[in-house]
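*Asks:* Sharing a structure below in structure tokens format, with a few things to ask.
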Amino acid sequence: MIGRKTASLACLLAVLGAGASPGALAAGDPAAGQQKAAACMACHGQDGNSLADMWPKLAGQVPDYIVKQLQDFKAGRRSDEQMSPQAANLSEQDMADIAAYFAGQKPSAAESDKTLLARGEQLYLKGKGRPQPVTACTGCHGPAGAGNRDWKKLMAQAPAVLAPAIGGQHPAYVAKQLKAYRDGSRGNDAARVMRDIARGLGDMEIAALAAHVARLGR
Ligand code: HEC
Ligand code: HEC
């Protein structure tokens, strides 16, 4: 995945080093997960395609990423008024099962502002150098925004490369997360990978990236 165009990513990865690894991941059972996810569907949708844009889509998400976020909500490393209580009583096995179910669903397409697409695509594929360097998103999230299911092969101990699927995600949710990384209110990214990237983004750039990402097929 690391080609000539993503040379800056290789440099970045070299300095990330080994971060804390998420807890050992149990194998998930999607059928059990569908049963256990009944309470989640009110917000995230039956098949993980939420209808309102304050709720992230979980369909097609990288399963290890879902587990990591649930662990983080449960432990208080990531916090949200609606979501934190939902994770509080989940066991590791529940998390793995629910993740296996949602990861196996097909994400629907999302709508977004067409006027912003060109700038969004450019930032996504190339990043930018100044004033604050922004690493190209494609290196970790992939050209189609499908995330990195092979993160362990790339760097066994580093969840800094456990990049989620963001293609087809609601633009309002994507923008909210990038702003939360920028102001530090979301700080559960290993090696500060997203906080450092988001610091270099202005509001218009965030809107453009969110618009582009929403259009990417997984
Ligand atoms: C009352 C609505 C609600 C319910 C019910 C709910 N969630 Fe959430 N969930 C949210 C919101 C809101 C967020 C986004 C929080 C934010 O903006 O950071 C979220 C975020 C998440 C994320 C992180 C997604 C990402 O892309 O980072 C995961 C994983 C998740 N929820 C799983 C679940 C699971 C599993 C359940 C059921 C056990 C559940 N949720 C139940 C509202 C809900
Ligand atoms: C070095 C790898 C890397 C690069 C480059 C990168 N990301 Fe990420 N990104 C991650 C990781 C890892 C996470 C998950 C962090 C965590 O565990 O919470 C993430 C999380 C996100 C999220 C939160 C998704 C969700 O479901 O909550 C968004 C949005 C995002 N990245 C957008 C971008 C954009 C836009 C760019 C380019 C400007 C970018 N990323 C560049 C690794 C990367």
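*Asks:* How far apart, in nm, are two points set 7 Å out from the Cα along the Cα-to-Cβ line at Q93 and at A42?
*Replies:* Each label point lies 7 Å from its Cα, and together they span 2.6 nm.
*Asks:* To continue, here is another question. Percent of Cα-Cα pairs per 5 Å bin, from 0 to the last occupied bin, for region 176-218, please list those.
*Replies:* All Cα pairs, binned at 5 Å, distribute as 6, 25, 27, 20, 17, 5 percent.
*Asks:* Let me test this: with uniform point scatterers at the alpha carbons of the chain, what is the Debye-based log₁₀ I(q)/I(0) at q = 0.12, 0.13, 0.16 1/Å?
*Replies:* -0.60, -0.71, -1.12
*Asks:* Could you list F73, F102 so that the one with the fewest beta carbons within 10 Å of its beta carbon is first and the one with the most is last?
*Replies:* Ascending Cβ contact count within 10 Å gives the list F73, F102.
*Asks:* So, one more: Can you compute the helix-only [θ] at 222 nm over the chain? Use -39500 (n - 2.57) per DSSP H run of at least 4 residues, normalise by all residues, nearest 500 deg cm²/dmol.
*Replies:* -12500 deg cm²/dmol
*Asks:* Just the projected area, averaged over all directions, of the convex hull on the alpha carbon atoms of region 110-215: how many nm²?
*Replies:* Over every viewing direction, the Cα hull of region 110-215 projects on average to 6.1 nm².
*Asks:* Work out how much length A31 to A109 would gain on full extension: take 0.36 nm times their residue separation and subtract the Cα-Cα distance, in nm to one decimal. Each step should come with its number before you reach the end.
*Replies:* Working: separation 78, 0.36 × 78 = 28.08 nm, distance 2.48 nm.
My answer for the length gained is 25.6 nm.
*Asks:* On to the next question. Using every Cα-Cα pair within region 30-103, state what percent have a distance larger than 16 Å.
*Replies:* 43
*Asks:* My understanding is that a pair violates if its Cα-Cα distance is over 26 Å; which of K74/K179; K36/K106; K36/K179; K68/K106; K36/K114; K114/K152 do that in this structure?
*Replies:* K36/K179; K36/K114; K114/K152, as the Cα separations exceed 26 Å there.
*Asks:* Placing +1 on the Cβ of each Lys and Arg and -1 on the Cβ of each Asp and Glu in region 110-215, which of G145, A110, A191 has its Cα farthest towards the positive end of the resulting dipole?
*Replies:* Among G145, A110, A191, the one farthest towards the positive end of the dipole of region 110-215 is A191.
*Asks:* Can you give the angle from 0 to 90° between the axis of helix 7-16 and the longest principal axis of the chain, with both taken from C-alpha atoms, to the nearest 10?
*Replies:* For 7-16 against the chain, the angle is about 60 degrees.
Each reported figure results from applying straightforward, stated rules to the coordinates on display, with no laboratory input. Predicted, not measured: the structure shown is a model, and the values here were computed from it. Positions of Cβ are backbone-derived with ideal geometry, glycine not excepted, and every protein chain shown enters the neighbour counts.
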